Amino acid sequence: MKGWYLKRGGVKAGPFSATEIEILFEQRKILPGDQIRQSGSREWIPAEQFANPESTDAPAEPPLAVGEAARQPVAGTPQRDTVRADDESRPAPIELPPEPSQAPARLSVRLSKYRRLIADGMVTLGIVSVVALLLWQIDYDDIFGLPTVEELAVGIGLRTSEPPPQPARHDDLVIDFGVGQGIRGWFNNGSWAALHALPSVNLVGADIDHDGVDDVVGDFGPEHGIWVRPRSGTWRKLHDRSAAWMVRIDLNHNGHDDLVVDFGKDFGSWAYLDDTRWQAVHGTTARAAIAADLDHNGQDDLVVDFGPPHGIWAYMNDSKWLPIHGESTSAMLRADLDKNGRDDLVVDFGPKSGIWVLNNNSNWTPLHGQSASGMTAVDIDHNGQDDLVIDFGPSHGIWIWLNNTAWKQLHGVSARQIVAADLDGNRKADLVVDFGSSGIWCYMMNGSDWYPLGAGGVRMLAGEFDGR
């Protein structure tokens, strides 16, 4: 591909445009000892010799030499990525966050003068017709057995009857209780159901078959591989291998859930797209990943922590890798903390640096100097703005970062895990907290405070798994 490539210590990244190279120099992301080369050339030169890069008309590089097996994997088993030794897709350890990206401008649509005249005329005609029908009905409804005035007015839209109440849709919980108990579901905040007798090593909720209802994706370890439980309740195998991690994401932006799976150092990360095929994402295994819309174009991006020395990178719009930060993380999540409709990235950099927020993909701001044992995002006061629920461990308990302005303690005891779920169907998220040996408790946002749900589990996820 056209552009410029960077190399640091044998690790390469790119392509970058000339403008991006200039920005990296300005922000001191290119360090002494780094090397650079232009597409079409195999000669690496010291980066400090590069000055005022200009756009190039050099021929495009051939695509990465991924083997045929990467494009058409054997059914059920992704093949090893046979990338060249000079693979430019592998991330380099850029240490500072990138420049902000501009959000797309809104398009405004205006009706022409003639469309407005036509619309006004249709409204006038409709009103005249309604009045005529009402006058005629009032005089002759008894003779001709026509509807009453009330019935006719409702029927033609002058008056509206109360719509029938919509059934409340509850989030469900899927909890792995470990060896001897297996996986169970808490459905519609009213009943338990056994889902599988075996424990899992990982659980994810995703609408794999695109029927509008979440499926349970369970990784049952090396002996059994990855399986999917759709709404029908019949498990089917997705892959023979176990995974390092799994992430729900609409990677190809067609409105359907996909699954990105990291199969470890031998295979790297792969995407299971549209419940039909596997596609290679990256040949390097990673520590963790989440989905977040970093450039605010309404499409999921894949944010990946490759661990030291590479740090955090984002696979933007299923097309290009961009550096986010050179340090690795303890945890990441997406949240709209400033209530502007755009994802912010919340990153826990561990005990040395604490928790930071990448606001609108533009600037880093510190949130707290202490690292957390768990984080989740939820609109706890239901004002349309995400709040953060952070567990600071046994010494401090669980706290809420409310409306991006103030800290409020939720509970003095640390938790094993925390998820957000609308359990009572009132369209307000509740908190489900697993306190380990003290059991699972629900913090309801309808004024009922805490109530117990059952014994503690190993892992827990929330979603609409039965469609009700």
Can you name the strands (runs of 3 or more DSSP E) wholly within the stretch 307-378 that have at least 1 residues being open to solvent by 60 Å² or more (accessible area, probe 1.4 Å), touching a residue at least 24 places away in the same chain (Cβ under 8 Å) and not small (Gly, Ala, Ser)?
-> 331-335, 363-368
Scan the stretch 404-442 residue by residue and report those that are under 12 Å from residue 456 (Cα atoms) and either of a type in the set (Lys, Arg) or assigned to a loop (DSSP other than H, G, I, E, B) (or both).
-> 415, 416, 435, 439
When you go through (1) surrounded by fewer than 23 Cβ atoms within 10 Å (Cβ to Cβ); (2) modelled with pLDDT of 95 or more; (3) under 18 Å from the mean Cα position of the chain (by Cα) one by one for residue 263, which number turns out not to apply?
-> (3)
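Here is a yes/no grid of residues against (1) farther than 16 Å from residue 174 by Cα; (2) surrounded by fewer than 16 Cβ atoms within 10 Å (Cβ to Cβ):
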{"site": "413", "(1), (2)": "yes, yes"}
{"site": "417", "(1), (2)": "no, no"}
{"site": "422", "(1), (2)": "no, no"}
{"site": "427", "(1), (2)": "yes, yes"}
{"site": "449", "(1), (2)": "yes, yes"}
{"site": "455", "(1), (2)": "no, yes"}
{"site": "461", "(1), (2)": "no, no"}
{"site": "464", "(1), (2)": "no, no"}
{"site": "467", "(1), (2)": "no, yes"}
Cβ-Cβ below 6 Å, separation at least six or inter-chain, first residue in the stretch 272-295 and under 28 Å from residue 327 (Cα atoms), second of a type in the set (A, V, I, L, M) and assigned to a loop (DSSP other than H, G, I, E, B): which pairs?
-> 283/83
Can you find a residue in the stretch 176-186 that is within 26 Å of the chain's Cα centre (by Cα) and at pLDDT below 90?
-> no
Count - residues of the stretch 212-236 that are polar (S, T, N, Q) and under 16 Å from residue 461 (Cβ atoms) | 0
What is the residue count in the stretch 438-465 for residues that are more than 25 Å from the chain's Cα centre (by Cα), of a type in the set (Ser, Thr, Tyr) and at pLDDT 90 or above?
-> 1
Filter result (part of a loop (DSSP other than H, G, I, E, B) and within 15 Å of the chain's Cα centre (by Cα)) within the stretch 292-306 = 293, 294, 295, 296, 297, 298, 299, 300
Qualifying residues in the stretch 33-58 (those that are under 25 Å from residue 284 (Cβ atoms), under 36 Å from the mean Cα position of the chain (by Cα) and open to solvent by 50 Å² or more (accessible area, probe 1.4 Å)) - the one modelled with the highest pLDDT | 35
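The values are calculated or read from the model by the stated rules, or taken from the named source; none is laboratory data. Small disclaimer: the values here were computed from a predicted structure and weren't measured. We place every Cβ from the backbone using ideal geometry, glycine too, and count neighbours over all the protein chains shown. Surface accessibility is based on the protein's heavy atoms, side chains included, excluding ligands, DNA and RNA. Shrake-Rupley method; radii C 1.70, N 1.55, O 1.52, S 1.80 Å.
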